[in-house]
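Worksheet: the structure to be examined is printed underneath.
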Amino acid sequence: MTTFLYGLVLQFKLDKRSKSLLVTYYVVPLIFFLLMGGIFTSIMPNMKETLVQSMIVMGVSMGAFLGYPHALAQTYGSDIKKVYQANGVSLSFGLITMFLSAFIHLMLMCSVIVFLAPVLFEAQRPERLPLFYAALAIYLSASLSVGSALGLIVKNQAKLTMTGQLLFLPSIMLSGIMFPAELLPNILNTIGQIFPAHWGYRFMQVGGFQIQNLWYLLVILILASIVCGLLVKKQKFE
């Protein structure tokens, strides 16, 4: 356990020093929040009720699909994997510590939004914070599990960026955070429901902590975890 905690702390510090992760985990999501928060609430005053959830979905989607997979691909596509194998360390160790490090970083970013939105934009703060953070943790885990699978499957950095964009853009455009999903054509509304952002956005809203918003996130989390387990085992023979 001591070794695991040491590895987690070390990974957290390495991620904190990474300029690319700093941008995708903190800089861009928070700048977007500061710039667009006032615009959204001015144009659509009713958005004050869901501004926190909307900005969190944007930040989590960026970190999980555009930042985290690249870091994972770099680790498992470099000599670090050989270092794990040479020292008898399970290859899953890197995946687990990177997953938890990304989880902590993105949770910190989300917490900044939770506590600044009411102060800066008079947005509604989640009424029951324990339930809200439970919903956020599940949504964040589901998104990062998809990002994990993405980082292990796509090894080419250019292709990884393209694939990440294919997940990120629909997540923010079709999930309902920019405008009500009901305004979209039926086909786009249906496509939007494929992405974790659609369900996470509803799950974090007041009264949204219900099984109909939870089940899909759990299915994604379980399936992506199975895929990641198989991919890590495959790494031993590559």
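Details
- Taking segment 145-238 and the helices (runs of 4 or more DSSP H) fully enclosed by it, the elements with 2 or more residues that are more than 28 Å from Ala134 (Cβ to Cβ) are at 157-173, 186-192, 211-235.
- Cross-chain or 6+ apart pairs with Cβ under 6 Å, segment 91-116 first and within 16 Å of Val232 (Cβ to Cβ), then at pLDDT 95 or above and part of a helix (DSSP H, G or I): Phe99/Leu144
- Single residue of Thr50, Thr2, Thr24 found to be among the hydroxyl-bearing types (Ser, Thr, Tyr) and within 20 Å of His198 (Cβ to Cβ): Thr50
- Residue within segment 176-197 that is closer than 20 Å to Ser225 by Cα and either at pLDDT below 85 or among the small types (Gly, Ala, Ser) (or both) present: yes
- Cross-chain or 6+ apart pairs with Cβ under 9 Å, segment 154-178 first and on the phi > 0 side of the Ramachandran plot, then in a helix (DSSP H, G or I) and crowded, with 18+ Cβ neighbours inside 10 Å: Gly176/Ser54; Gly176/Val57; Gly176/Gly192; Gly176/Ala197; Gly176/His198; Gly176/Tyr201; Gly176/Arg202
- Under the condition of being of a type in the set (A, V, I, L, M, F, W, C) and within 18 Å of Leu221 (Cβ to Cβ), the residues counted in segment 130-163 number 13.
- Scan segment 88-116 for residues that are in a loop (DSSP other than H, G, I, E, B) and buried (at least 21 other Cβ atoms within 10 Å of the Cβ) and the total you get is 0.
- Taking segment 214-229 as the range and being touching a residue at least 24 places away in the same chain (Cβ under 8 Å) and more than 19 Å from Phe168 (Cα to Cα) as the test, the residues that pass are Leu214, Leu218, Ser225, Val227, Cys228, Gly229.
- Checking each residue in segment 142-154 for being in contact with a helix residue (DSSP H, G or I) (Cβ under 6 Å, 6 or more places away or on another chain) and over 17 Å from Phe203 (Cα atoms) picks out Ser145, Val146, Gly147, Ser148, Ala149, Leu150, Gly151, Leu152, Val154.
- The residue that is nearest to Arg202 (Cα to Cα), among those in segment 124-141 that are in contact with a Pro (Cβ under 9 Å, 6 or more places away or on another chain) and surrounded by fewer than 21 Cβ atoms within 10 Å (Cβ to Cβ), is Tyr133.
The values are calculated or read from the model by the stated rules, or taken from the named source; none is laboratory data. As the structure is a prediction and not an experimental result, all values here were calculated from the model. Here Cβ is always computed from backbone atoms with ideal geometry, including for glycine, and neighbour counts include all displayed protein chains.
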